[in-house]
Every structure is written in structure tokens, then in C-alpha cells.
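Here is the structure we will look at, set down as C-alpha cells.
The values are calculated or read from the model by the stated rules, or taken from the named source; none is laboratory data. Fair warning: this is a prediction, and the values are worked out from it, not measured in the lab. No Cβ is skipped: glycine too gets one built from the backbone with ideal geometry, and neighbour counts run over all protein chains shown.
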Amino acid sequence: MFERLAPAAPDALLALIKLHAADERSDKIDLGVGVYRTGQGGTPVFGAIKAAEARLVETQDSKSYLGPEGDMGFVEALMPYVFGEDDPTMDGRVAGMQAPGGTGAVRLAVALAKAAGVTRVHLGVPSWPNHAQILADLPLEMAPFDHDCDDGTANVEALLEVIRNAGDHEAVILHGCCHNPTGIDYTPDQWRQIAEALSMSKILPIIDLAYHGLGRGMEEDAAGMRAVLAAVPEALVAYSCDKNFGLYRDRVGAFYVMAREASALPAIMSNAAALARANWSMPPDHGAAAVRLVLEDPKLTAQWQDELETMRTRMRQVRERLAAAGQVGSLDLTPLATQNGLFSMLALDKDQIARLRADHGVYMAGSGRINVAGLTQGNIDKFIAALAEVAG
Ligand code: LMR
């Protein structure tokens, strides 16, 4: 039977991790998968998470099942950060559940949209490759539109046109902040235009917030999404703590529904729970429990926020250093200073990307995406020189 299976291509981003690990050059540079790195090149566990994990080991008295919704203390503790401190439940219209990482949250959001009748999902491209993979797997029709313009700004007109022309049974995936892979976010004014257009459309917004706090700040990074939520009757939010709490392999995510009215939530969430049960039954507990402990303790919360700010500041410095290089061969690095989060795209072709890897030990996604956190004081000059050589 299995001979019917043609080999599937490995996920290109995840394959890069192994390729980089197998390279024996000591000066290799990893700009591939989206993990934060310190100025020394490591991805340490957050101090606040370490402290919470120690507490968890001491106090956790059972690992018995919690149910498909996971740790609701975690889900609720996150809500003020996502929806705002003033009214985190949006008048009782928001409910959530835990999900296995950002991927699990996106999967659940899109599957629930499908169950509710969505047949076509609009996606600004380029996007995180797994968005398209999840839509294809469900399956749901994916309708691409251009996320960005050649000048490195967001193509808000393309999105507005999609929203204005959408009929029933359509959804659109929006990156809440730190767009993956371009780093090009909508400006506050563009978010206002998007929210206004959405308020007059039937399209369902699905907001993917996977890099909350890695852009401009926790409040700033949520502002665009909140403008949308204030303008529309219904929306779905897929949230990841994998990056902003550094819990990557522990798979910590949350999925939220904003319903037309509070009374609609029990039926909606019962469907979400049924989908979760059939997909993964219950989410992994450990990382979410650690996040809950951080958020329940003001000292640990402050420590976590400091650690996040250190990350943000370092990424901003790397971006400024790259932008200061200006024109490097055919590449203009100036826009990188205004972009947000871990990622930016460089206009390199396949051959140039292959030469960067073979000749200079620089590993980046085949799309031209770089993870700016892979650059340090020790390797950034070498990287810029390598770019000058291949793009010269
Ligand atoms: C990335 O885009 O590199 C990360 O989100 C990791 C992943 O799962 O693809």
C-alpha cells in the first residue's frame, strides 16, 4: 500500500536546521528558522521561564488529563495582553482554548472557519509557508494576494480590494505583527483603513499573532489587531508563545474566538473542542503551565518583560546596523530599519542564496528570508561582505 506514496519534500525551513548543523565551518551563520538568538548566538531559556519551571516541578501534584481546552488559567492570563487590560473578554464575547503552538492555533482557527462554512481563505503572499500547507491539508481554497510592494512597503490596496470584493464564506489571514517572512507590517493608519473596510465586509478575519512583543512592544504590536477587533462582529485569533516566551519546542499556543454575542460562544467553543479532540486530543501542558506561573506572579512577569525588551532592542540594533550599510551590491538594506521582528526578505535569487551557503556558510531560507537575530557583532561584517560578493 505505501508504495503509492510519492516522497514528500521535507519542509524547507526545518530542513535548513539540519543542513546548518551538518556544516563544520566554525564561522557559519544561521539566518534560517525563526528562533531568537542572543549576541553570543545562543537561544537560552528565559530566566522567568526557568524560575516558573522550577516552581512547577515543586508544586505540580498531578499530570492527569485537563481536557481538549488545556490549561484555562494560561488561556485567561494571556487575554489582557492580547485583547487589552480594560476589557479582556470584549464584553464577554471572547473565549479561548490552549493549542499546540502557533501551528496548532492556526490549524484550529482555519478548521473552525471551515466547519462554520468558510470555503475560501485569502492570504497575502509571501507568507509563512505553513499557512498554505495547512490550507492545502484541510483542504480549503487559498486565494493569494500581494502582501508587499516593490518599494518595501505593505500593499494595503491589495488587501482592501480583497476585503471589499469578498462575499459570504470567505476569510482572510492577517499577520498581527512582525510579518513572516517580510517584516513589513501595516502602519497604524493602514490598520485603521483595514478595520474600516472589514466593518463593511462579510469576510472573516483570522489574525495570526505569533511574534507578539518582538516588534515595537506588547501594546504596540497588538494595536492593529485590536483596531480590527473593535470594528468587526466576529474574528479568530491564533496566538503563539513559542517566540515571546522562548518555548519553541514545548509548543505553547492559544486560540481565541470573538463572537457576535456572548451567548454564541458555548456552541462555537464546543465545535473547537471537538476539532481539537480529533486532531491532538489535548495540548501539551508543561510550557503553558510555565507561562501561566509567569503571568500570575508580578515579579516573574516583570522579568519576562525585561527579557523580551532585551530581545527587541538587540533586533532593532541589528536592523539599524544592516540599514546603515545602505546599498550593498544590488541590494538596498535601508528598509530593514523600519521593518519588525525576526524576519526580512532580501531580493536574492536561488543561485545567490546557494552561493552564500556554499562559499560563505550563510544559511537563509530559499525565499530570501533572513532571521536578523542570527547576526551578531562577531558575524555581521562578514555577512555584509558576503552579500556584497554575491549581489555585487
Ligand atoms: C519560522 O517561520 O521560521 C518559524 O515560525 C518556525 C516554523 O515553524 O516555521
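Worth pointing out:
- In the condition set (1) within 23 Å of E69 (Cα to Cα); (2) out of contact with any strand residue (DSSP E or B) (no Cβ under 9 Å at 6 or more places or on another chain), G217 is compliant with all but (1).
- For the range 125-133, the count of residues that are touching a residue at least 12 places away in the same chain (Cβ under 8 Å) and assigned to a strand (DSSP E or B) is nonzero.
- When the test is whether a residue is under 18 Å from V237 (Cβ atoms) and in contact (Cβ under 8 Å) with a residue 12 or more places away in the chain, L138 does not pass it.
- The residues in the range 3-27 that are away from the ligand (no atom under 11 Å from the Cβ) and in contact with a strand residue (DSSP E or B) (Cβ under 7 Å, 6 or more places away or on another chain) can be counted, and the count is 2.
- Filtered residues of the range 189-218 (kept if assigned to a helix (DSSP H, G or I) and farther than 15 Å from L229 by Cβ): D189, Q190, Q193, M218
- Test: residue in the range 123-144 that is closer than 19 Å to A272 by Cα, at pLDDT 95 or above, small (G, A, S) and out of contact with any Gly (no Cβ under 8 Å at 6 or more places or on another chain): no
- Of the set (1) modelled with pLDDT of 95 or more; (2) assigned to a loop (DSSP other than H, G, I, E, B), all apply to E53 but (2).
Rundown of residues vs (1) free of Cβ contacts under 8 Å to residues at least 24 places away in the same chain; (2) of a type outside the set (D, E, K, R), yes/no style:
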site	(1), (2)
S263	yes, yes
R314	no, no
G326	yes, yes
L346	no, yes
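- Residues located in the range 222-243, provided they are within 16 Å of the ligand (Cβ to nearest atom), touching a Phe, Trp or Tyr at 6+ places or on another chain (Cβ under 8 Å) and not hydroxyl-bearing (S, T, Y): A238, D242, K243
- Out of A109, A154, A115, sole residue that is under 15 Å from F255 (Cβ atoms) and in contact with an Asp or Glu (Cβ under 9 Å, 6 or more places away or on another chain): A109
- Condition check for A95: in contact with a Ser or Thr (Cβ under 9 Å, 6 or more places away or on another chain), touching a residue at least 12 places away in the same chain (Cβ under 8 Å) and assigned to a strand (DSSP E or B): yes
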